[in-house]
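Enquirer: Handing you a structure now.
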Amino acid sequence: MNDRSQQLSSREKIGYSLGDLAANLIFQTLVTFLAFFYTDVFRIPASVAATLIFVVGMLGAFVFTPIIGILADRTRTRWGKFRPWILWTAVPFGALSLAAFNTPALGEQGKIAYAFATYTLLMLVYVANNLPYSALSGVLTGSMEQRNSLSAYRFLAVTFAQFIIQVLLLPLVLILGNGDKAQGFRNTMALFAAVGTLCFLITFFTTRERVLPISEQRSSVRQDLTDLVRNKPWLVMLSLTILVFINLAMKGGMYIYYFKYTLDANALTLFLDNAGFNRFIAAINSVLTGAGLSALQWPQDAPTSAFSVFSAGGILAMIVGIGFSKRLADRYGKRNVFGGALLISTLFLLAFYVYPPTAIAWVFASYVLHGFFYGITIPLLWAMIADVADYSEWKNHRRATAIIFSAMLCGLKIGLSVGGALVAGILAFYGYDAALPLQSDAVTNGIRLAISVYASIPFLLGTALLALYEIDKPLETRIEHELGLRRRNAALATS
């Protein structure tokens, strides 16, 4: 599509991507650290944490997401259908993010009730914000080339947020809490809440909805749902989304336990010494002390430092992978590139199981290579979902962007809740006890299985599912051309 009206400026792409930065400061924290926060900071039993994460995730998937999707598709304001939701939820999102990582002095039952209430409310606001935000990408432009470009901007922002969370969050928690993790989480989330609220407001003010339903389009909720279940690419993408986010939640939530309890602490220290990291940090800490800022010194903790270094390497590799994504997708099609990259990334993930606790260099190499190949898939997932919305309009002559994205976010919630619950559930099954400084061999082996073999199963199933996804490169081009022609004809008919 060469229609200049569908071109997006760099300003709009950056403004839109800041919404993903804001959401992912919280989302990545939930994926990576919620189970750890509940078990090791708030001291909720692992089995209870597993149940809580699963139940709230199911509420988000099967209650909040469909309701918000239906409401968003029927929203009519001077700002459009989806942009207003970003404005309405900006402040509540920040406030509830802070509340969910607060640690009031309560008994065990009070802690469980508080965690359930705050996580449920945060999930509701997250859905009300992120579902319309995701759907907005489908109406900013009708050009698939522009959507691919927008996806790259968007997921660079996601990766930057992931870098902040995985590399800097634990050190920030220790620094801002002066060693007190409860206070540190509270202060860190207050900072993220403020930044996130500002970013959401920028997204609202810098974007514009261009793809509008053909004049007087009308459809019932029942018709929208019927269109969905008859949409084979949607069924494939829903299943793929669930599987991808089971993997992300399981490995993301388990990594901190892997570095803390499975890998050898002395080997981690030696690796950091050989890499020059400890000398670099010592120099930085010396400068901070000389400037009277000793409270901001990087904490002396090998697992925390190693987790940050490995995460930095993996995320930088993902950024490189994202950079290759559009070029590969334009040449070979999104489906083929997604499937190939996902399969290769899985092989490096499986390698974690065979490494002994002292093989730190091999673990690092696999971590980075896994990040690179997974990074190629990152921009493609949501671009393919936007293509599914176009496929639905092409087939049914009705556009229902939000309900399609709401169904995908439903899949995301299912994946996150299952994966997050599996983290805490696996820990409980193998006998994890947060009060113990060292865990049993059964626990450490369970952690190793979780981040390798167990986490690889969803990716392998997802790769196989893509064989059923029929929107290949030629069909992408055909759909874009025919929808563009319909919209131009509709515009001429009403002018």
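FYI, it's all coordinate maths here, none of it is from the lab. Please read all numbers here as calculations on a predicted model, not as lab measurements. Using ideal geometry, Cβ is built from the backbone for each residue, glycine included, and neighbour counts are taken over all protein chains shown.
Enquirer: Mean residue ellipticity at 222 nm from the helices of the chain, using -39,500 (n - 2.57) per DSSP H segment of n ≥ 4 over the full residue count, to the nearest 500 deg cm²/dmol?
Expert: Counting only the DSSP helices, I get -25500 deg cm²/dmol.
Enquirer: Suppose each label sits 7 Å from its Cα in the direction of the beta carbon; what would the Ile67-Leu468 distance come out to in nanometres?
Expert: Computed distance between label sites Ile67 and Leu468 equals 3.1 nm.
Enquirer: Placing +1 on the Cβ of each Lys and Arg and -1 on the Cβ of each Asp and Glu in the chain, which of Phe163, Ala317, Asn129 has its Cα farthest towards the positive end of the resulting dipole?
Expert: Asn129
Enquirer: Same structure, new question: Along the charge dipole of the chain, which of Val337, Ala435, Gly484 sits closest to the positive end, that is, farthest toward it, with unit charges on the beta carbon of Lys, Arg, Asp and Glu (+1, +1, -1, -1)?
Expert: About the Cα centre, the residue reaching furthest to the positive side is Gly484.
Enquirer: Determine the gain in length on full extension of the stretch Arg208-Ile284; use 0.36 nm per residue of separation and subtract their C-alpha separation, reporting nm with one decimal.
Expert: Values: separation 76, 0.36 × 76 = 27.36 nm, distance 4.39 nm.
Value of the extension gain: 23.0 nm.
Enquirer: Length gain on complete extension for the stretch Leu347 to Tyr332, per 0.36 nm per residue less the alpha carbon to alpha carbon distance? Don't skip to the answer; put the middle values down first.
Expert: Working: separation 15, 0.36 × 15 = 5.40 nm, distance 2.18 nm.
So the extension gain works out to 3.2 nm.
Enquirer: At a Förster distance of 45 Å, what's the computed FRET efficiency of Arg230 paired with Ala365, Cβ-Cβ distance as r, to 0.05?
Expert: Efficiency for this residue pair is about 0.50.
Enquirer: Quick one: if you stick a label point 7 Å off each Cα along the C-beta vector at Asp433 and Asp264, how many nm between them?
Expert: 2.6
Enquirer: Does the chain come out rounded, prolate or oblate by the C-alpha gyration tensor, with a ≥ b ≥ c the root eigenvalues, rounded set by a/c under 1.5 and, if not, prolate when a/b is larger than b/c and oblate if not? Before the final figure, lay out the partial values.
Expert: Working: a/c = 1.75, a/b = 1.62, b/c = 1.08.
Judged from the Cα gyration tensor, the chain comes out prolate (a/c at least 1.5, a/b above b/c).
Enquirer: Moving on to the next point. Please work out how much length the chain gains when fully extended from Phe324 to Asp441, using 0.36 nm per residue of separation minus the C-alpha to C-alpha distance, in nm with one decimal.
Expert: 38.1 nm
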